[in-house]
Structures are given as C-alpha cells and as structure tokens.
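*Asks:* There's a structure below that I have some questions on.
Please treat every number below as a calculation from the coordinates, not as lab data. Given the structure is predicted, the values throughout are model-derived calculations rather than measurements. Here the Cβ is made from the backbone with ideal geometry for all residues, glycine too, and neighbour counts use every protein chain on show.
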Amino acid sequence: MAFAGTKQKCTACEKTVYLVDMLTADNRVFHKSCFRCHHCKGTLKLSNYNSFEGVLYRMPHFDQLFKRRQP
C-alpha cells in the first residue's frame, strides 16, 4: 500500500505538504522550513511570530516595524 500524501500546498512555496512537515498558522499551511520571517528570513515558531496583512514576522521585527512610537 502506497502513501498518498495530502492535497494541501504550502503557502510559501506552493509544493505539497506532508503531515510530518506540516505547520498551520493564520489558517494557512506551511512546511516547517518555509515558515520564515519576511524581514530577516529566520525560521519562525508558533510562539514567536506575528502577522500583518498575511505577511509573517518575528515578534521583535513586528514590534520594530509596526508598533506606535512614543513621542
């Protein structure tokens, strides 16, 4: 019996994602290796990311780019 895999595609690379390498964030599916910060390209974890308009960022970069600065 052959393993059929999934029909789900990675949001980042658009290739098939298999269950052992699947990560779901913001209702989108990624390979673990494709779940990266837009700013620094570093690998993200579910505990250290934020998104803005569908773009993923590490929390420090998100804060740096989008937090309101005090006068």
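*Asks:* Run the numbers on the chain and let me know its relative contact order in percent, using alpha-carbon pairs under 8 Å that are six or more apart.
*Replies:* Relative contact order here is 18 percent.
*Asks:* Right, something else. List the aspartates and glutamates whose alpha-carbon lies under 12 Å from that of residue 9, not counting same-chain residues fewer than 8 positions away?
*Replies:* In chain and number order, the partners are 21.
*Asks:* Of the listed values (i) 0.91; (ii) 1.06; (iii) 1.11, grab the one calculated as Rg/Rh (Cα atoms, Kirkwood Rh) from the structure here.
*Replies:* Only one listed value fits the structure, namely (iii).
*Asks:* Once label points are set 7 Å from the Cα along Cα→Cβ at both residue 8 and residue 41, what is their separation, rounded to one decimal in nm?
*Replies:* 2.6
*Asks:* Mind ordering 29-42, 52-65 by average Cβ neighbours within 10 Å, highest first?
*Replies:* 29-42, 52-65
*Asks:* Straight-line reach from residue 41: which lysines fall under 17 Å, measuring Cα to Cα and dropping same-chain residues less than 8 apart?
*Replies:* 32
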